[in-house]
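Visitor: I am attaching a structure below and will ask some questions about it afterwards.
The values are calculated or read from the model by the stated rules, or taken from the named source; none is laboratory data. As the structure is a prediction and not an experimental result, all values here were calculated from the model. Here Cβ is always computed from backbone atoms with ideal geometry, including for glycine, and neighbour counts include all displayed protein chains.
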Amino acid sequence: MGMSVSRVFSGLLFCTALLAAPLAAQAEFMRVTLLGTGSPRVDADRAGPAVLVEAGGKKLLFDAGRSIVQRLAQTGMPISDIDTVFLTHLHSDHIFGLDDLWITGWVYQRPKPLTVHGPAGTSNLATSLEQAFRYDISVRNQYSGLAKNSVRLLAREIEPGVVYSQERVKVTAFLVDHGAVEPAYGYRIDFGDRSVVISGDTTYSETLVTQARGVDVLIHEFFAAHPDLLARNPRLRRVEAYHTNPGQMTRVLHETRAKVTVLTHVILAGLGRDEVMRGLRETYEGEVYMGEDLMQFEIGSEVKVLWSDESTPR
Ligand SMILES: [Zn+2]
Ligand SMILES: [Zn+2]
């Protein structure tokens, strides 16, 4: 298993040369970029949750957390290239960057409307954002000559099952367990034999395990708090209950055995990243990493893990 994965530490040219490089016209090749690995906590090193998946000429964005437009700019990809978004759930940390992506993408000449797939409530979100930005849109329309149609924000409320299928790229939504947040979705993206699963926010979820068994890349949320903090802080225990703690993560790792697993939406309370990762690796011999913003995964016959200068673990 370990031999199928090569770790590539990239040099200074990474951002300009590699990130901006078009995907090779190679069959069944996917590229995954962690645009943001953060959570509701404000962290200068972690933008809000967002994963960019490129396959078959499609560029699909999963969640749109804070600051992701800056992260997109760092990859060299034009913001206007993104016209398809999938939301895992409607917690604010997963949508704080949506208005920026929508309006700024339009200003940058996105040729099409922005389509947002998400749980019940997504239509209301889109309508409300259009209302909130009505003034800005009308003012820009008067002076800028921007395409009026492409400023539209199209909501597609989804149910579990296949929610997108184009150019051999298939996206399947499945329900996860995020406590009171119902529905909350995870997503599986298939392109030929290649596959990626994004957990969204969830505690241990059997559905997720079923979807993620043996995938190329599993991107899973993670919450780790020191036992003493948990013991004296009921609020922290309530938060832990709808996220995935280290014991549950260990179970997920063993039950899914993805080629590569990467932790995101990282919340560490009173624990350091190294001790947390050491704990996970003590019982699981497969490839597991703590996610960093702008980390990439190139999925071909093997999975390459790439860190940019910005995302190299400190
Ligand atoms: Zn969240
Ligand atoms: Zn959440």
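Visitor: Within the stretch 111-121, which residues are within 16 Å of ligand 1 (Cβ to nearest atom) and either of a type in the set (S, T, N, Q) or assigned to a loop (DSSP other than H, G, I, E, B) (or both)?
Guide: Looking only at the stretch 111-121, we keep the residues that are within 16 Å of ligand 1 (Cβ to nearest atom), and these are 118-119, 121.
Correct list: Pro119, Gly121.
Every residue, every condition in (1) closer than 30 Å to Val107 by Cα; (2) under 19 Å from the mean Cα position of the chain (by Cα), yes or no:
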| site | (1), (2) |
| --- | --- |
| Arg140 | yes, no |
| Tyr143 | yes, no |
| Val181 | no, yes |
| Tyr187 | yes, yes |
| Val196 | no, yes |
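Visitor: While we're looking at this one, here's another question. Filter the stretch 164-173 for residues that are in a strand (DSSP E or B) and away from ligand 2 (no atom under 16 Å from the Cβ); which is farthest from Lys59 (Cα to Cα)? Even if it seems obvious, please write down each step before you answer.
Guide: Within the stretch 164-173, the subset in a strand (DSSP E or B) is 164-166, 169-173.
Those left that are additionally away from ligand 2 (no atom under 16 Å from the Cβ): 164-166, 169-172.
On the way: Tyr164: 12, Ser165: 13, Gln166: 11, Val169: 10, Lys170: 12, Val171: 12, Thr172: 16 Å.
Only one residue fits best here, namely Thr172.
Visitor: Show the residue pairs meeting these rules: Cβ distance below 7 Å; 6+ apart or different chains; first residue within the stretch 82-108 and among the polar types (S, T, N, Q); second residue in a helix (DSSP H, G or I) and within 16 Å of ligand 2 (Cβ to nearest atom).
Guide: The qualifying pairs are Thr88/His94.
Visitor: If we keep just the residues of the stretch 99-110 that are part of a loop (DSSP other than H, G, I, E, B) and either at pLDDT below 95 or hydroxyl-bearing (Ser, Thr, Tyr) (or both), which is nearest to ligand 1 (Cβ to nearest atom)? Before the answer, list the steps.
Guide: Step one: of the stretch 99-110, the residues part of a loop (DSSP other than H, G, I, E, B) are 108-110.
So of that shortlist, the ones also either at pLDDT below 95 or hydroxyl-bearing (Ser, Thr, Tyr) (or both) come out as 108-109.
Values: Tyr108: 27, Gln109: 31 Å.
My answer is Tyr108.
Visitor: Yes or no: the stretch 293-307 includes at least one residue that is surrounded by fewer than 21 Cβ atoms within 10 Å (Cβ to Cβ), in contact (Cβ under 8 Å) with a residue 40 or more places away in the chain and under 21 Å from His226 (Cα atoms).
Guide: Taking every residue of the stretch 293-307 in turn, none turns out to be surrounded by fewer than 21 Cβ atoms within 10 Å (Cβ to Cβ), in contact (Cβ under 8 Å) with a residue 40 or more places away in the chain and under 21 Å from His226 (Cα atoms).
Visitor: Mind checking which residues of the stretch 193-238 are of a type in the set (A, V, I, L, M) and either surrounded by 20 or more Cβ atoms within 10 Å (Cβ to Cβ) or within 15 Å of ligand 2 (Cβ to nearest atom) (or both)? Working first, answer last.
Guide: Looking only at the stretch 193-238, we keep the residues that are of a type in the set (A, V, I, L, M), and these are 196-198, 208-209, 212, 215, 217-219, 224-225, 229-231, 236.
Hits for the stretch 193-238 are Val196, Val197, Ile198, Leu208, Ala212, Val215, Val217, Leu218, Ile219, Ala224, Ala225.
Visitor: Being within 16 Å of ligand 1 (Cβ to nearest atom) and part of a strand (DSSP E or B) is the requirement here; does His178 meet it?
Guide: Details: within 16 Å of ligand 1 (Cβ to nearest atom): yes; part of a strand (DSSP E or B): no.
Judged against the criteria, His178 is not a match.
Visitor: Answer with yes or no whether Ala241 is surrounded by 18 or more Cβ atoms within 10 Å (Cβ to Cβ) and at pLDDT 95 or above. It would help to see each step written out before you state the result.
Guide: Working: surrounded by 18 or more Cβ atoms within 10 Å (Cβ to Cβ): no; at pLDDT 95 or above: yes.
In short, no.
Visitor: Also: Give the stretch 64-103 a look and list any residue that's among the hydroxyl-bearing types (Ser, Thr, Tyr) and over 21 Å from Arg46 (Cα atoms), or say none. First the steps, then the outcome.
Guide: So in the stretch 64-103, the residues among the hydroxyl-bearing types (Ser, Thr, Tyr) come out as 67, 75, 80, 84, 88, 92.
Passing the criteria: Ser80, Thr84.
Visitor: Please enumerate the residues belonging to the stretch 77-98 that are more than 16 Å from ligand 1 (Cβ to nearest atom) and farther than 23 Å from Lys170 by Cα.
Guide: Taking the stretch 77-98 as the starting set, the residues that turn out to be more than 16 Å from ligand 1 (Cβ to nearest atom) are 77-84.
Passing the criteria: only Pro78.
Visitor: Just for strands (runs of 3 or more DSSP E) wholly inside the stretch 181-289: which have at least 1 residues that are within 15 Å of ligand 1 (Cβ to nearest atom), on the phi > 0 side of the Ramachandran plot and out of contact with any His (no Cβ under 6 Å at 6 or more places or on another chain)? First the steps, then the outcome.
Guide: Values: elements: 185-191, 194-198, 217-225, 260-269.
Here the list reads 260-269.
Visitor: Go through the stretch 37-75 and count every residue that is without any contact (Cβ under 8 Å) to a residue 60 or more places away in the chain, in a loop (DSSP other than H, G, I, E, B), out of contact with any helix residue (DSSP H, G or I) (no Cβ under 6 Å at 6 or more places or on another chain) and small (Gly, Ala, Ser).
Guide: Step one: of the stretch 37-75, the residues without any contact (Cβ under 8 Å) to a residue 60 or more places away in the chain are 40, 42-44, 48, 50, 52, 54, 59, 61, 64-70, 72-73.
Remaining after also requiring in a loop (DSSP other than H, G, I, E, B): 40, 42, 44, 48, 64-67.
Restricting the remaining residues to those that are out of contact with any helix residue (DSSP H, G or I) (no Cβ under 6 Å at 6 or more places or on another chain) gives 42, 44, 66-67.
After this cut, where a residue has to be small (Gly, Ala, Ser) as well, the list is 44, 67.
Counting residues in the stretch 37-75 that are without any contact (Cβ under 8 Å) to a residue 60 or more places away in the chain, in a loop (DSSP other than H, G, I, E, B), out of contact with any helix residue (DSSP H, G or I) (no Cβ under 6 Å at 6 or more places or on another chain) and small (Gly, Ala, Ser) gives 2.
Visitor: Taking Asp190, is it within 16 Å of ligand 2 (Cβ to nearest atom) and at pLDDT 95 or above? Give the steps one after another, and end with the answer.
Guide: Details: within 16 Å of ligand 2 (Cβ to nearest atom): no; at pLDDT 95 or above: yes.
Against the criterion (within 16 Å of ligand 2 (Cβ to nearest atom) and at pLDDT 95 or above), Asp190 does not qualify.
Visitor: Taking the stretch 76-98 on its own, how many of its residues are within 16 Å of ligand 2 (Cβ to nearest atom), in a helix (DSSP H, G or I) and surrounded by fewer than 24 Cβ atoms within 10 Å (Cβ to Cβ)? Steps first, answer last, please.
Guide: The first filter runs over the stretch 76-98 and keeps only residues within 16 Å of ligand 2 (Cβ to nearest atom), leaving 86-98.
In the following step, the residues that additionally are in a helix (DSSP H, G or I) were identified as 92-94, 98.
Add one more test, that the residue is surrounded by fewer than 24 Cβ atoms within 10 Å (Cβ to Cβ), and what stays is 92-93.
Number of matching residues: 2.
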